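**Student:** Before anything else, here's the structure in question.
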Amino acid sequence: GQQVMQIPQYQHVQEGEDFTTYCNSSTTLSNIQWYKQRPGGHPVFLIQLVKSGEVKKQKRLTFQFGEAKKNSSLHITATQTTDVGTYFCAVSGTYKYIFGTGTRLKVLA
Amino acid sequence: EAGVAQSPRYKIIEKRQSVAFWCNPISGHATLYWYQQILGQGPKLLIQFQNNGVVDDSQLPKDRFSAERLKGVDSTLKIQPAKLEDSAVYLCASSLTRTYSNQPQHFGDGTRLSIL
């Protein structure tokens, strides 16, 4: 079946440093969604990517879809303590989304 | 708009007991999802409804789990009998779809289930 891996599993950064998480699929994707889950909270939708090579920005967050549509990345510039949480990608399978393993981000002040 | 409502927030039961969770999606959202999230893992889809029909329940342990969405609005998920491995957060989500398309999923706060 379809597999979705995210790396790294954990990342600790100093406040102000950059952070990147990668999402890799075993199959070609039609689209990908990114979610953020704060500690003790529920996943919150961030963005959706559809086109090959697509790049979208939300303030300090940059999302990219690979040219082959088998991987994606989320980059945060100059992390802040409010960025703490787990970032999940969700890839579309047949009629459903499959969530990745997540990357847990800790930001040290 | 009001978000996805779930109850209860917490539930503690002993193994072999039964438990039920309730979810009310965002008004007008045709698609409703139930996910199981074990600590440290990503959400795993248990069942997906489109209105009151089941789209996918391939990962639902049907010998002990059941779910229904009789009127195409709110939904209940039941576990009977519960096992220790069912300890998890059960998340309900909804999205605005009438046919399968790319829509954001809106999650409720979840029910944290502990099995003793």
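The values are calculated or read from the model by the stated rules, or taken from the named source; none is laboratory data. No experiment lies behind these values; they were computed from the predicted model shown. With ideal geometry, Cβ positions are generated from the backbone for all residues, glycine too; neighbour counts draw on all protein chains shown.
**Student:** Quickly run through segment A:7-33 and pick out the residues that are farther than 14 Å from A:Gly66 by Cα and either touching a strand residue (DSSP E or B) at 6+ places or on another chain (Cβ under 7 Å) or of a type in the set (Phe, Trp, Tyr) (or both). Spell out the reasoning first.
**Tutor:** To start, the set of residues in segment A:7-33 that are farther than 14 Å from A:Gly66 by Cα comprises A:7-20.
Listed by number, the residues that qualify are A:Ile7, A:Pro8, A:Gln9, A:Tyr10, A:Gln11, A:His12, A:Val13, A:Gln14, A:Glu15, A:Asp18, A:Phe19, A:Thr20.
**Student:** Run down A:Val44, A:Val13, A:Val50, A:Val4 and say which single residue is of a type outside the set (Lys, Arg), within 20 Å of A:Gln80 (Cβ to Cβ) and within 11 Å of another protein chain (Cβ to nearest Cβ). Break it down into steps so the answer makes sense when it comes.
**Tutor:** Numbers: A:Val13 fails: within 11 Å of another protein chain (Cβ to nearest Cβ); A:Val50 fails: within 20 Å of A:Gln80 (Cβ to Cβ); A:Val4 fails: within 20 Å of A:Gln80 (Cβ to Cβ).
Being of a type outside the set (Lys, Arg), within 20 Å of A:Gln80 (Cβ to Cβ) and within 11 Å of another protein chain (Cβ to nearest Cβ) holds for just one of A:Val44, A:Val13, A:Val50, A:Val4, which is A:Val44.
**Student:** From the list A:Leu105, A:Leu29, which one is of a type in the set (A, V, I, L, M), over 23 Å from B:Ala88 (Cβ atoms) and either touching a helix residue (DSSP H, G or I) at 6+ places or on another chain (Cβ under 8 Å) or within 13 Å of chain B (Cβ to nearest Cβ) (or both)?
**Tutor:** On the way: A:Leu105 fails: over 23 Å from B:Ala88 (Cβ atoms).
Just one listed residue meets the conditions, A:Leu29.
**Student:** Go through (1) in contact with a strand residue (DSSP E or B) (Cβ under 9 Å, 6 or more places away or on another chain); (2) within 20 Å of B:Ser7 (Cα to Cα); (3) more than 9 Å from chain A (Cβ to nearest Cβ) and name the single condition B:Ser27 misses.
**Tutor:** Here B:Ser27 meets the rest and fails (1).
**Student:** Can you confirm whether A:Asn24 is away from chain B (no Cβ under 13 Å), farther than 21 Å from A:Asp83 by Cα and of a type outside the set (Lys, Arg)? Lay out the reasoning, then the answer.
**Tutor:** Numbers: away from chain B (no Cβ under 13 Å): yes; farther than 21 Å from A:Asp83 by Cα: yes; of a type outside the set (Lys, Arg): yes.
It is true that A:Asn24 is away from chain B (no Cβ under 13 Å), farther than 21 Å from A:Asp83 by Cα and of a type outside the set (Lys, Arg).
**Student:** Now, a different point. Taking B:Glu68 and the conditions (1) without any contact (Cβ under 8 Å) to a residue 24 or more places away in the chain; (2) more than 15 Å from B:Gly28 (Cα to Cα); (3) within 10 Å of chain A (Cβ to nearest Cβ), which numbered condition does it fall short on, given that it satisfies the others?
**Tutor:** All conditions pass for B:Glu68, except number (3).
**Student:** What about B:Asn51, is it closer than 20 Å to B:Gln103 by Cβ, out of contact with any Lys or Arg (no Cβ under 7 Å at 6 or more places or on another chain) and free of Cβ contacts under 8 Å to residues at least 24 places away in the same chain?
**Tutor:** Numbers: closer than 20 Å to B:Gln103 by Cβ: yes; out of contact with any Lys or Arg (no Cβ under 7 Å at 6 or more places or on another chain): yes; free of Cβ contacts under 8 Å to residues at least 24 places away in the same chain: yes.
So B:Asn51 fits the description; yes.
**Student:** Is it the case that A:Tyr10 is of a type in the set (Phe, Trp, Tyr) and surrounded by 15 or more Cβ atoms within 10 Å (Cβ to Cβ)? Reasoning before the result, please.
**Tutor:** On the way: of a type in the set (Phe, Trp, Tyr): yes; surrounded by 15 or more Cβ atoms within 10 Å (Cβ to Cβ): no.
Spelling it out, it is not the case that A:Tyr10 is of a type in the set (Phe, Trp, Tyr) and surrounded by 15 or more Cβ atoms within 10 Å (Cβ to Cβ).
**Student:** Identify, please: which residue in segment B:75-114 is more than 9 Å from chain A (Cβ to nearest Cβ), at pLDDT 95 or above and part of a loop (DSSP other than H, G, I, E, B) and is, among those, nearest to A:Ser30 (Cα to Cα)?
**Tutor:** Filtering first and then ranking leaves B:Ser87.
**Student:** Let me ask you something else. In contact with a strand residue (DSSP E or B) (Cβ under 8 Å, 6 or more places away or on another chain), away from chain B (no Cβ under 14 Å) and in contact (Cβ under 8 Å) with a residue 60 or more places away in the chain - does that describe any residue in segment A:82-89?
**Tutor:** yes
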